[in-house]
Structures are given as structure tokens and as C-alpha cells.
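Okay, so here's the structure we're looking at.
The values are calculated or read from the model by the stated rules, or taken from the named source; none is laboratory data. Predicted, not measured: the structure shown is a model, and the values here were computed from it. For neighbour counting, all protein chains shown are included, and Cβ atoms are generated from backbone atoms with ideal geometry for every residue, glycine included. Accessible surface areas use protein heavy atoms only, side chains included; no ligands, DNA or RNA. Shrake-Rupley method; radii C 1.70, N 1.55, O 1.52, S 1.80 Å.
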Amino acid sequence: MKLLPVLMLCTAITLSGCVSPATQGGGVKPITAEEAAQMQYEVLDSINSLRTAKGLQPVQLNAQLNAAAATHSRDMAVQNRPWHFGSDGSSPLDRVRRVGYTGTLLGENISETYQTALETLSDWMGQADTRAVILDPTATEIGFAWFQEPSGKMWWTLVSGTSASIGTPIAQMG
């Protein structure tokens, strides 16, 4: 009977090492301004490495697409569901138009996780539809943003577009 408490303690110690960084130690680790700035560029660098490996042109961050992504990440948190439509019924195309983006929207990836930005990117690369948004050969620009809840839960949005007019916008969403 004395073995059971020892086993429970060992299990608790082992599982405590599995807690995500956002909630480790019982508290929330909010993303600092410095980490936020680094995160966007880490994701951009990772996307460009993936694109280069496939023989594709690199993309650059676009402030308007970043704004559209940030707005949607916050709105998904308010709605408490990951989906491509805003609480006002807006589509990804509506959101990029609202921020004044004059290029062509190519796609949007979204996620609700406790993961890091690079783990989220890895998950997107593991699915054909979201990978297609990241590796779209016509993409020249991306917007990438997130919203972190007090619980540590993250809402991620990546929007891709092209500054060149390629005709009717494609709504590839994953």
C-alpha cells in the first residue's frame, strides 16, 4: 500500500516536465514584446527556408497582412473557435480589404493551440491544405500574428498574398 503514493509522486514529477512553457510552474508566461518581434521573423525565416528548399521565391512580411492576421486571431479568441469567419461574418478577403491590402489574397491558415509558433508552423506543414498556403508559388507576402489568452492559449493566423495582380483571388483556407 505504501508503493501507491510513491508511484503517484513519481508520475506527478514525470508529468510536470510535460507541461507546455505557456503554463509551466502553474503560471502563464506571457509573450514579451521582444519575443513577439523575434517570433514573426523566426516564422518568416522558417517559411523562406521551406520555400527555398522547394525552389520557390522567398516571401516578405506585409504590415497590412499582419494587421488582418492579428485582428482575426483576437476575434477567434473572442468567439472561442478556430474558423475562417469573423464574428461579424467577415471572410479573409473582407479582412485584407479592410486593412487596405491592394494585392491578391491567396490563403489563410489558422490554429488554436498551446504550442509555439514554430510548432504551429510544423503542424501546418504536416497537412496538405495548410502546406499549400505556405508553399503557394505565387505568394510574395505573408502576414503572421497571434493572440495569447491569459490561460496561455494561443490563436494563430497566417495570411498569404501576392502584390502582383494574378486575377481573381483564390480562397484556399486551411
Check your understanding: How many nm is it between the label spots at residue 135 and residue 114, if each spot is 7 Å from the Cα in line with the beta carbon?
Key -> 3.1 nm
Practice item. Please give, to one decimal in nm, the separation of the simple spin-label points placed at residue 45 and residue 125, each 7 Å out from Cα toward the Cβ. Key: 1.4 nm
Study note, to complete from the structure: Averaged per residue, the 1.4 Å probe accessible area of segment 76-122, protein heavy atoms only, in Å², is roughly 48 Å²
Study note, to complete from the structure: For 91-100, 36-45, ranked highest to lowest by mean beta-carbon neighbours within 10 Å, the order is 91-100, 36-45
Point to revise | For segment 30-174: rounded, prolate or oblate by the Cα gyration tensor [a/c cutoff 1.5] | key: oblate
